[in-house]
């Protein structure tokens, strides 16, 4: 009886590995092992893939873009984007997404949201290593 009621509470289920995020959002690989940010309903939140991310309370923030198959960095080092890197912020409590942000705009928005100044994002998820 308990299992039946718990399974009835589930929303769209992801197939394969996922990284759980606050408020039923998650990261999952696509068929090319690029990372997608997915909503609780199972729909992609960003048009771009996630190259790096981190979580601060209810905020998920990161860099958008494909991860190169020739990676020379590890997930132990913070991600450093280039001048063309675009960033995103998802407030999982409201579902509000800001994407296409420059590094300066991204840092300003994070500060306005109360995220610590030493906040850093990291690349590589288990399916990308």
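Here are some notes:
- Some residue of the range 10-18 being surrounded by 12 or more Cβ atoms within 10 Å (Cβ to Cβ) and at pLDDT 95 or above: no
- The condition (being surrounded by 13 or more Cβ atoms within 10 Å (Cβ to Cβ) and touching a residue at least 40 places away in the same chain (Cβ under 8 Å)) is satisfied by just one residue among 45, 38: 45.
- The condition (being assigned to a strand (DSSP E or B) and in contact with a strand residue (DSSP E or B) (Cβ under 7 Å, 6 or more places away or on another chain)) is satisfied by just one residue among 48, 120, 52: 52.
- Residues (at positive phi, more than 16 Å from the chain's Cα centre (by Cα) and surrounded by 15 or more Cβ atoms within 10 Å (Cβ to Cβ)) located in the range 113-125: none
- Subset tally (residues that are in contact (Cβ under 8 Å) with a residue 12 or more places away in the chain and under 14 Å from the mean Cα position of the chain (by Cα)) for the range 76-99: 11
- Selection status of residue 115, assigned to a loop (DSSP other than H, G, I, E, B), at pLDDT 95 or above and under 23 Å from residue 24 (Cβ atoms): yes
- Annotation: of all residues in the range 92-112 being in contact with a helix residue (DSSP H, G or I) (Cβ under 9 Å, 6 or more places away or on another chain) and not in a loop (DSSP other than H, G, I, E, B), the one that is surrounded by the fewest Cβ atoms within 10 Å (Cβ to Cβ) is 98.
- The set of residues in the range 18-45 being out of contact with any strand residue (DSSP E or B) (no Cβ under 7 Å at 6 or more places or on another chain) and more than 24 Å from residue 117 (Cα to Cα) consists of 24, 31, 32, 33, 34, 39, 40, 41, 42, 43.
The values are calculated or read from the model by the stated rules, or taken from the named source; none is laboratory data. Computed from a predicted model, the values in this text were never measured in an experiment. Neighbour counts are summed over all protein chains in view; Cβ atoms, including those assigned to glycine, are modelled from backbone coordinates with ideal geometry.
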